[in-house]
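Q: The structure's right below; bear with me while I get my questions together.
The values are calculated or read from the model by the stated rules, or taken from the named source; none is laboratory data. Since we're looking at a predicted model, the values are computed, not measured. Positions of Cβ are backbone-derived with ideal geometry, glycine not excepted, and every protein chain shown enters the neighbour counts. Accessible surface is based on the protein model in full, side chains and every heavy atom, while ligands, DNA and RNA are left aside. Shrake-Rupley method; radii C 1.70, N 1.55, O 1.52, S 1.80 Å.
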Amino acid sequence: MILTENFLLLEPGLEAVRTRDETRLLAIIDELAEVGIKFFSGTILQETADGAIECIKSLGLAAAEGNMNSSVLNATASLGLIGQEAARNGENEAVLDILFALKALGEKTAEIKTLFSLRLIAISMKEVGKEAIRQGMEKEAITSQFCLKELHIFCKDFGNESETFNEDFFSLIRDIGRCATDAGLETAAINAAALMEDL
């Protein structure tokens with residue numbers, strides 16, 4: 001599959017959102033996820049992986065707007081898996097791209113108050129951040145913390161759910177901080193502590 005073929009999957013995916021064909025949309029997201037993960041085996045070009053990430057993000061956002069929760073969850077899981085694989089292979093830019101894609105998806109689900117999806121997005125961010133730490137990627141780990149903090153801001157108007165989300169985000173950032181401490185990444189550990197104080 002080449003880059004243009006990734007983008008050829010975008011329009012059928014958006015059409016699946018318009019027609020509410022979630023089975024088709026799930027299959028397209030799965031195909032794109034497979035492309036993203038395969039990149040790290042060295043069998044496809046960087047641009048192809050980038051295109052797959054961007055398409056998954058776009059389809060996830062469209063699915064959220066269309067209230068197609070299974071596809072949002074699938075896009076989230078796919079991005080998280082690609083992000084962890086990117087970290088394991090030292091692909092710093094891809095890790096950052098994934099974190100920002102997850103953040104965009106998280107902001108959309110917060111906007112429409114799809115709370116279960118938002119929780120999974122936050123957990124996926126944490127897992128990408130922890131894998132980045134295991135690979136010594138301090139900048140990427142700190143970015144995951146700041147992305148979580150920014151998503152937390154979107155949850156302040158959730159009424160009775162606000163306190164629960166506050167605890168959730170505190171726990172996620174704390175987990176990244178502990179992992180950073182264990183790995184000897186002092187700046188990431190200090191950053192996590194500072195962010196927890198703000199929550």
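Q: At 0.36 nm per residue, minus the direct Cα-Cα distance, what do LYS156 and ARG134 gain on full extension? Give it in nm, one decimal, please.
A: Full extension from LYS156 to ARG134 adds 4.8 nm.
Q: Could you tell me which residue out of GLY36, SER171, GLY80 lies farthest along the dipole of the stretch 5-197 toward its positive end? Charges go on the beta carbon: Lys and Arg +1, Asp and Glu -1, centred on the Cα centre.
A: Value computed over the given set: SER171.
Q: Given Cα pairs under 8 Å that are at least 6 residues apart, what percent is the relative contact order of the stretch 5-197? Numbers along the way, then the final one.
A: Details: 280 pairs, mean separation 31.3, N = 193.
Once divided by the residue count of the stretch 5-197, the mean separation gives 16 percent.
Q: Expressed in nm², what is the orientationally averaged projection area of the convex hull enclosing the Cα positions of the chain?
A: On the way: hull surface 40.1 nm².
So the mean shadow area of the Cα hull is 10.0 nm².
Q: Give the shape of the stretch 57-134 as rounded, prolate or oblate, defined through the alpha-carbon gyration tensor: a ≥ b ≥ c are the square roots of its eigenvalues, a/c under 1.5 means rounded, and otherwise the shape is prolate if a/b is larger than b/c and oblate if not.
A: Details: a/c = 2.38, a/b = 2.03, b/c = 1.17.
Prolate.
Q: So, one more: If you roll a 1.4 Å probe over the chain with all protein chains in place, what percent of the accessible area is carbon or sulfur? Don't skip to the end; give the middle numbers.
A: On the way: 4640 of 8970 Å².
The nonpolar share, carbon plus sulfur, comes to 52 percent.
Q: Helix 115-134 versus the longest principal axis of the chain: what is the Cα-based angle in degrees, 0 to 90, to the nearest 10?
A: Once rounded, the angle reads 70 degrees.
Q: What do you get for the angle between helix 138-154 and the principal long axis of the chain? Use alpha-carbon atoms, 0 to 90 degrees, nearest ten.
A: Taking Cα atoms only, the helix is inclined about 90 degrees.
Q: Among LEU79, LEU102, LEU26, whose mean-square fluctuation peaks in a Gaussian network model of the chain (Cα, cutoff 10 Å)?
A: In this elastic network of the chain, the residue with the biggest mean-square fluctuation among LEU79, LEU102, LEU26 is LEU26.
Q: Assuming R0 = 22 Å, what is the FRET efficiency of ASP198 and ARG88, from their Cβ-Cβ distance, to the nearest 0.05?
A: On the way: r = 30 Å, r/R0 = 1.38.
With R0 = 22 Å, the Cβ-Cβ based efficiency is 0.15.
Q: So if each residue of separation counts as 0.36 nm, and I subtract the Cα-Cα distance between ARG18 and GLU111, what length gain in nm does that give?
A: Working: separation 93, 0.36 × 93 = 33.48 nm, distance 2.01 nm.
Length gained between ARG18 and GLU111: 31.5 nm.
Q: Quick check: the distance between the Cα centres of the stretch 151-199 and the stretch 78-121, to the nearest angstrom?
A: Each part's Cα centre sits 16 Å from the other's.
Q: Same structure again: In the stretch 81-152, which GluC sites (Glu not before Pro) fall in coil by DSSP and have 10 or fewer other Cβ atoms within 10 Å? Could the numbers behind the result be given before it?
A: Working: sites: GLU85, GLU91, GLU93, GLU107, GLU111, GLU127, GLU131, GLU138, GLU140, GLU150; in loops: GLU91.
Answer in residue order: no site qualifies.
Q: Now a separate question. Let me spell out the model: positive unit charges on the Cβ of Lys and Arg, negative unit charges on the Cβ of Asp and Glu, origin at the Cα centre of the stretch 5-197. What dipole size does that give, in debye rounded to 20?
A: On the way: 18 positive and 32 negative charges, 68 e Å.
Here the stretch 5-197 has a charge dipole of around 320 debye.
Q: Could you state the angle between the C-alpha long axis of helix 69-88 and the longest principal axis of the C-alpha atoms of the chain, as a value from 0 to 90 degrees rounded to the nearest 10?
A: The helix 69-88 is inclined about 70 degrees to the chain.
Q: Multiply the residue gap between ASN166 and THR181 by 0.36 nm, knock off their C-alpha separation, and tell me the result in nm, one decimal place. Walk me through the numbers on the way to the answer.
A: Working: separation 15, 0.36 × 15 = 5.40 nm, distance 2.23 nm.
Full-extension gain reported as 3.2 nm.
Q: Which is the longest part of the chain that has none of the trypsin sites (Lys or Arg not before Pro) sitting in a DSSP loop with at most 15 other Cβ atoms within 10 Å? Mind dumping the intermediate values first?
A: Details: sites that count: ARG20, LYS113, LYS156.
The answer is 21-112.
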